[in-house]
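Participant: Below: one structure in structure tokens.
The values are calculated or read from the model by the stated rules, or taken from the named source; none is laboratory data. Note that the structure is a prediction, hence the values are computed from the model and not measured. Methodologically, a virtual Cβ is constructed for each residue, glycine included, from the backbone with ideal geometry; neighbour enumeration extends over all protein chains shown. Surface areas here come from the heavy atoms of the whole protein model, side chains and all, with no ligands, DNA or RNA. Shrake-Rupley method; radii C 1.70, N 1.55, O 1.52, S 1.80 Å.
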Amino acid sequence: MKLIVATTMAMTLTLTPLLAADNELTKRLDDAAAVFSEIMATPDKGIPQELLENAHCIVIVPDLKTAAFVVGGKYGKGYLSCRNKSGAGWSAPATVRIEGGSVGFQIGGSSTDLIMLVMSERGADKLLSSKFTLGAEGSVAAGPVGRTATAQTDAQLHADILSWSRSQGLFAGVALEGATLRQDLDDNATLYGKKLETRDIVTTGVRAPKAAAKLMSLLNKYSIKEGTR
């Protein structure tokens, strides 16, 4: 009996953090789906359809934390999905985290929902490395809002990555240059049951987990097939 009790307690202590991590990832997937759905449904303020259709990859980071007191910093976790090789549909999501800092006179803090579209093949290839520095390894520009992309500037037309950020329901810019986007092997292992590199998840046809069904459905709803470049 003592052995059974001890074994049960040991299993409980082992499984509790795993279940907590799994619940956190599931919630973040739901949050990512909600952010994407809300931004796309914003009247005349959503991400232009043609840009989404021509994007190679998408990164969604709900609740990106930015805080500053003389030295600024950013931290958040989210998901990356890329086009399937056929051009139709999207890959299973890989977990990513964004980290960065800046130095300057600044005081304050905020929480921001962030969406990035990777518009070039070069940007997509760099993004799938274990660590990607925004601005240094791929140019970043604020994306236009509205139903069409006609408001794009020359900088936006030539950027590797376009970004949209929303704070307290309003679209607002967030400085991303110098921030790093990293794969999160631990979260990938929790989500898929084994450690997988980001590149393996998005390029080898890994099956998306059930928890990602809502996000995958929305991505396919708004952009089923890749546009013509």
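Participant: What are the residues whose amide H is under 5 Å from the amide H of Leu64, where those residues sit 5 or more places off or on another chain and H is modelled from the backbone?
Facilitator: Thr112, Asp113, Leu114
Participant: Also, quick follow-up: Could you work out the percent of alpha carbon pairs in region 109-148 separated by over 13 Å, rounded to a whole number?
Facilitator: 61 percent
Participant: In addition: Explain nothing, just compute: Karplus ³J(HN,Hα) = 6.51 cos²θ - 1.76 cosθ + 1.60, θ = phi - 60°, for every residue of region 182-190 in order, whole Hz, x for Gly and Pro.
Facilitator: Taking θ as phi minus 60°, the curve returns 10, 6, 10, 5, 5, 5, 4, 5, 5 Hz for region 182-190.
Participant: While we're looking at this one, here's another question. Apply the Karplus curve 6.51 cos²θ - 1.76 cosθ + 1.60, θ = phi - 60°, to the phi angles in region 210-222 and return the couplings in whole Hz, x for Gly and Pro.
Facilitator: Each residue of region 210-222 in turn: 4, 4, 8, 4, 5, 5, 5, 4, 5, 4, 6, 5, 8 Hz.
Participant: To continue, here is another question. Points 7 angstrom from Cα along the Cβ direction at Lys210 and Arg182: gap in nanometres?
Facilitator: It works out to 3.2 nm between the two label points.
Participant: Using θ = phi - 60° and the Karplus form 6.51 cos²θ - 1.76 cosθ + 1.60, what ³J(HN,Hα) does each residue of region 138-145 get, whole Hz, x for Gly and Pro?
Facilitator: So the J values, rounded to whole Hz, are x, 5, 10, 9, 5, x, x, 10.
Participant: Over the heavy atoms of Lys65, what accessible area does a 1.4 Å probe trace out, to the nearest 10 Å²?
Facilitator: 100 Å²
Participant: Moving on to the next point. If amide H atoms are built 1.01 Å from N in the plane of the peptide, which residues on other chains or at least 5 residues away come under 5 Å of the amide H of Ala142?
Facilitator: Residues meeting the criterion, in which the H sits 1.01 Å from N, are Ser163.
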